[in-house]
1. So for the pair A280, R138, with labels modelled 7 Å out along Cα→Cβ, what separation do we get in nm?
2. Efficiency by 1/(1 + (r/R0)^6): what FRET value for L202 and M11, r their Cβ-Cβ distance, R0 = 25 Å, to the nearest 0.05?
3. Want the number for S4 to K221: 0.36 nm per residue separation, take away the alpha-carbon distance, what's left?
4. Starting from the Cα of E30, step 7 Å along the direction of its Cβ; do the same at R233; then give the gap between the two resulting points in nm.
5. With the crude spin-label approximation of a point 7 Å out along Cα→Cβ, what separation in nm comes out for E47 versus D175?
6. List the trypsin sites (Lys or Arg not before Pro) in region 75-171 that DSSP assigns to loop (not H, G, I, E or B) and whose Cβ has at most 11 other Cβ atoms within 10 Å. Which are they?
7. Name the aspartates and glutamates eligible as straight-distance cross-link partners of K301: C-alpha to C-alpha under 15 Å, and not fewer than 8 places from it in the same chain.
8. Give the cross-link partners of K266 among the lysines, using a straight C-alpha distance below 18 Å as the criterion and excluding same-chain residues fewer than 8 apart.
Amino acid sequence: MDFSLSEEHIMIRDAARDFAQTELLPGVIERDNKQKFPKELVKKMGELGFMGIMVDPKYGGSGMDAISYVLIMEELSKIDASASVMVSVNNSLVCYGLESYGSEEQKQKYLTKLATGEFLGAFCLSEPEAGSDATSQRTTAIDKGDHYLINGTKNWITNGGSADIYLVIAQTDKDKGSHGINAFIIEKGVDGFHVGPKEDKLGIRGSDTHTLQFNDVKVPKKNRIGANGSGFRFAMKTLSGGRIGIASQALGIASGAYELALKYSKERKAFGTEICNHQAIAFKLADMYTDIEAARHLVMKAAWDKDQGNNYDRSSAMAKLYASKVAMEHTVEAVQIHGGNGFVKEYHVERLMRDAKITQIYEGTSEIQKIVISRGLLRD
Ligand SMILES: Cc1cc2nc3c(=O)[nH]c(=O)nc-3n(C[C@H](O)[C@H](O)[C@H](O)COP(=O)(O)OP(=O)(O)OC[C@H]3O[C@@H](n4cnc5c(N)ncnc54)[C@H](O)[C@@H]3O)c2cc1C
């Protein structure tokens, strides 16, 4: 067992840290206020290889491992969780989905652009009546011979307005239940595809979230991903890896808040001494650091499982469940350590606290992670 990072991993982590400090930190408060994220920043992340981290270089990716992915995600998330969710969706849901299940033609046409950041991807599973219960898909894809006709509504879609390529899950045969579900590649701008207004959110406000409407959208048969009826398995397997991304996002939010709280506690004085010298504050820091380290071990274990080719359904669920809890609890503590300053935007911790909440909701709520973990335990 070896807990140390390789020299290459340290270099990758440091490059992500440097990018986050120099490119993401300036303007992060304004992006949060205005709910925007400039396309140039996505391009820059693409140039650094962050948009196709684990994709094979023959498709334009960086060919790195899952450990590198979580290191990059943690560093970006310390500063801007809106940037990191774009990276996570593009990498673990869209690129991974296409590389693992797509045809060679789909990979050449779409993956090569998604992996370099030329295109941005979105993953469209959730619907107004199908959130946690993802099998209740109401979006239909009717087989019309050489194409499918898609009708329905997807909501809460990350990159919903800014994506170029949408992976859309739909029901093709209701009688077959989850075995009658397929995944499709839909390009932005096709007839009958409408993007609704941007959601006004509590956190990750720089990331755009939209409802999408599909009215008789024609999708060529060659844009179906994988064998007929494999869409639900595709979605679940893809989300399993996605949870490693969100777990590392939660880890980054927690460790970013901890670093700010530690620094502030060494500068701020009360009762004639720096507040870190008050045991109540020092113990908060001890609890934060311990829990963040524990979360980091779970996140790294899940990434390691993926790299080893082990099943990572349970380890990714545990990593997400725990890291998101730590992020929520300790961003609140970071605000507390900052006192009144914690309550204003300038000090960053209030944004991290708002951003932390989503990590307990998307890509499976914490309750759903417990279902995944407990079902696995009871099956063993
Ligand atoms: C900002 C944001 C971005 C998102 N991005 C995407 C995206 O890019 N693509 C996408 O497809 N989706 C996306 N989602 C959707 C997200 O995955 C869902 O919101 C999430 O899965 C929960 O579904 P729901 O909102 O319908 O809640 P519900 O399923 O209605 O759940 C409500 C509550 O009931 C609990 N609950 C439900 N069923 C059970 C059960 N069996 N046992 C115990 N408790 C249960 C839940 O845990 C939750 O607390 C995003 C959501 C948000 C808010």
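1. 5.0
2. 0.10
3. Details: separation 217, 0.36 × 217 = 78.12 nm, distance 4.72 nm.
Residue separation times 0.36 nm, minus the Cα-Cα distance, leaves 73.4 nm.
4. 4.9
5. It works out to 5.6 nm between the two label points.
6. On the way: sites: K78, K107, K109, K113, R138, K144, K154; in loops: R138, K144.
Within region 75-171, the qualifying trypsin sites (Lys or Arg not before Pro) (loop, at most 11 other Cβ atoms within 10 Å) are K144.
7. Candidates past the 8-residue exclusion: D2, D65, E74, E293, D313.
8. List returned: K284.
We did not get these values from a lab; they are worked out from the coordinates using the rules stated. Just so we're clear, the structure is a prediction, and the values are computed from it rather than from any experiment. Glycine also receives a Cβ, built like all others from the backbone with ideal geometry; neighbour counts cover every protein chain displayed.
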